[in-house]
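*Asks:* Got a structure for you, questions after.
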Amino acid sequence: QPKAFLFDLDGVIVDTAHFHYQAWRRLANEKLGFDISEEFNESLKGVSRTESLERILAHGNVTLDAATKDAYATLKNDWYTELIHKMVPDDILPGVSEFLEKTRLAGIKIGLGSVSKNAIPILERIGILNAFDTIIDGTKITKGKPDPEVFLKGAEALGVVPEECVVFEDAVAGIEAAHRAGMKTVGIGLPSILTKADVVLANLNNLQIAELQNSLFS
Ligand code: B16
Ligand code: MG
C-alpha cells in the first residue's frame, strides 16, 4: 500500500520541460554556435542547471572558463524565468489537479521532488503550492537526479519509508533516482524512452488510485 506519492515538477505537473529546452536551445544557438535536438534534450531532463550546461558543452565540444559558464547558466535562467512568468493555472497538465485531489482523499501524502530552483515560483503561479505536504526542490539538495537524494529527503520529510512511496517522473534520470531510493515508479511519457519505469502513462488524466495500486503493489 502506498503512503506517499512524490511528484516531479517539470514534465509531470507542468510542461516546463519544453521551456527548459527552448532556453537551452537559445543559449546553444546564440552563444555556443550549435543546435541541440529534442532527442538530446531528453538527457537534460531532471539534471541540474550546472550539470545540464556541462552536458551541452561536451555535446558541442565547447570549452569555457568558470566565469563564462556561470554567466551562461544565469542567462539561460533569465530566459527560462521570462517563459515561466507567463504561466497560469490553465498550464497545469491534464488530470493533475484531479489526481492530487483523489490522492488527498485517499489519505496518501503528497510531496514534490524536483531538482529545479524555480519550483516554488512555478507552483505559486499555477496556484497549487498548497496541495503539497512537503516540497523538496533544488534549494534543498546537493545532488541532482539520478542521485536518489531528492526523493529520500521527500520520504523523510513525510515520515514514510521509501518502499511506501510512488514517484511520478518524466525523466530517465528521475526514474533511476527513484529506483535507487527503493521506490516504485510511474513514468509519464513514452514507453520507448522510459524503459525502466514500473508503469508508463501518457499523463495523469483519469488515473484511478486503485488501478495504480493493483499494477504496482500486487
Ligand atoms: P532550474 P525536475 C529539473 O526539474 C528539470 O527537469 C531540468 O531540466 C532542469 O535543468 C532542472 O530541474 C534544474 O532547473 O534551472 O530551474 O533550477 O524535472 O526535477 O522538476
Ligand atoms: Mg521532470
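*Asks:* May I ask you to list the residues in segment 10-51 that are out of contact with any strand residue (DSSP E or B) (no Cβ under 6 Å at 6 or more places or on another chain), within 7 Å of ligand 1 (Cβ to nearest atom) and touching a residue at least 40 places away in the same chain (Cβ under 8 Å)?
*Replies:* Scanning segment 10-51 gives Asp10, Gly11, His20, Lys45, Gly46, Val47, Ser48, Arg49.
*Asks:* Does Thr195 fit the bill of being surrounded by 21 or more Cβ atoms within 10 Å (Cβ to Cβ), under 21 Å from Glu163 (Cα atoms) and of a type in the set (Ser, Thr, Tyr)?
*Replies:* On the way: surrounded by 21 or more Cβ atoms within 10 Å (Cβ to Cβ): no; under 21 Å from Glu163 (Cα atoms): yes; of a type in the set (Ser, Thr, Tyr): yes.
In short, no.
*Asks:* Here's something else I'd like to know. For the list (1) of a type in the set (Asp, Glu); (2) surrounded by 15 or more Cβ atoms within 10 Å (Cβ to Cβ); (3) free of Cβ contacts under 8 Å to residues at least 40 places away in the same chain, I need the number of the one condition that Asp91 fails.
*Replies:* Result: Asp91 passes all but (3).
*Asks:* Which of the numbered conditions does Asn203 fail, given that it passes all the others? Conditions: (1) open to solvent by 30 Å² or more (accessible area, probe 1.4 Å); (2) over 14 Å from Asp8 (Cα atoms); (3) not in a helix (DSSP H, G or I).
*Replies:* Condition not satisfied by Asn203: (2).
*Asks:* Which of (1) part of a loop (DSSP other than H, G, I, E, B); (2) more than 16 Å from ligand 2 (Cβ to nearest atom) is the odd one out, the single condition Val47 does not satisfy?
*Replies:* For Val47, the failing item is (2).
*Asks:* Sticking with this structure for a sec: Just the residues that are without any contact (Cβ under 8 Å) to a residue 60 or more places away in the chain, closer than 11 Å to Ser114 by Cβ and within 15 Å of ligand 2 (Cβ to nearest atom), please, taken from segment 138-180.
*Replies:* Across segment 138-180, the qualifying residues are Ile141, Val150.
*Asks:* What is the residue count in segment 103-120 for residues that are closer than 17 Å to Gly174 by Cβ and either in a helix (DSSP H, G or I) or of a type in the set (Phe, Trp, Tyr) (or both)?
*Replies:* Matching residues across segment 103-120 total 1.
*Asks:* Now for a different question. Using the structure shown, decide if Leu212 is assigned to a loop (DSSP other than H, G, I, E, B), closer than 18 Å to Gly95 by Cβ and either touching a helix residue (DSSP H, G or I) at 6+ places or on another chain (Cβ under 8 Å) or more than 16 Å from ligand 1 (Cβ to nearest atom) (or both).
*Replies:* On the way: assigned to a loop (DSSP other than H, G, I, E, B): no; closer than 18 Å to Gly95 by Cβ: yes; either touching a helix residue (DSSP H, G or I) at 6+ places or on another chain (Cβ under 8 Å) or more than 16 Å from ligand 1 (Cβ to nearest atom) (or both): yes.
For Leu212, the condition - assigned to a loop (DSSP other than H, G, I, E, B), closer than 18 Å to Gly95 by Cβ and either touching a helix residue (DSSP H, G or I) at 6+ places or on another chain (Cβ under 8 Å) or more than 16 Å from ligand 1 (Cβ to nearest atom) (or both) - is not met.
*Asks:* Let me ask something additional. In this structure, does Gly60 turn out to be open to solvent by less than 70 Å² (accessible area, probe 1.4 Å), modelled with pLDDT of 95 or more, over 30 Å from Leu212 (Cβ atoms) and of a type in the set (Gly, Ala, Ser)? Break it down stepwise before answering.
*Replies:* On the way: open to solvent by less than 70 Å² (accessible area, probe 1.4 Å): yes; modelled with pLDDT of 95 or more: yes; over 30 Å from Leu212 (Cβ atoms): yes; of a type in the set (Gly, Ala, Ser): yes.
So Gly60 fits the description; yes.
*Asks:* Quick one: how many residues across segment 111-127 are surrounded by fewer than 19 Cβ atoms within 10 Å (Cβ to Cβ) and in contact (Cβ under 8 Å) with a residue 24 or more places away in the chain? Don't jump to the end; show me each part of the working.
*Replies:* First pass over segment 111-127, keeping only residues surrounded by fewer than 19 Cβ atoms within 10 Å (Cβ to Cβ): 117, 120-121, 124-125, 127.
Those left that are additionally in contact (Cβ under 8 Å) with a residue 24 or more places away in the chain: 117, 121, 125, 127.
Total meeting the criteria: 4.
*Asks:* Of Ala23, Ala106, which residue is buried (at least 17 other Cβ atoms within 10 Å of the Cβ) and more than 21 Å from Val150 (Cβ to Cβ)?
*Replies:* Result: Ala23 is the single residue among Ala23, Ala106 that is buried (at least 17 other Cβ atoms within 10 Å of the Cβ) and more than 21 Å from Val150 (Cβ to Cβ).
*Asks:* Go through segment 42-55 residue by residue and tally those that are farther than 14 Å from Asp70 by Cα and either modelled with pLDDT of 95 or more or more than 15 Å from the chain's Cα centre (by Cα) (or both). Break it down stepwise before answering.
*Replies:* So in segment 42-55, the residues farther than 14 Å from Asp70 by Cα come out as 42-47, 55.
Narrowing further to those that are either modelled with pLDDT of 95 or more or more than 15 Å from the chain's Cα centre (by Cα) (or both): 55.
Matching residues across segment 42-55 total 1.
*Asks:* Also, I was wondering about something else. Within segment 142-162, identify whether any single residue is buried (at least 23 other Cβ atoms within 10 Å of the Cβ), at negative phi and out of contact with any Gly (no Cβ under 6 Å at 6 or more places or on another chain), and answer yes or no.
*Replies:* For segment 142-162, residues buried (at least 23 other Cβ atoms within 10 Å of the Cβ), at negative phi and out of contact with any Gly (no Cβ under 6 Å at 6 or more places or on another chain): present.
*Asks:* Residues of segment 5-36 being touching a helix residue (DSSP H, G or I) at 6+ places or on another chain (Cβ under 9 Å), at pLDDT 95 or above and of a type in the set (Gly, Ala, Ser), which ones?
*Replies:* Ala23, Ala28
The values are calculated or read from the model by the stated rules, or taken from the named source; none is laboratory data. If you're wondering where the values come from, they're calculated on a predicted model, not measured in any experiment. Note that we place each Cβ from the backbone using ideal geometry, even for glycine, and neighbour counts take in every protein chain shown. The accessibility values were calculated without ligands, DNA or RNA, using every heavy atom of the protein model including side chains. Shrake-Rupley method; radii C 1.70, N 1.55, O 1.52, S 1.80 Å.
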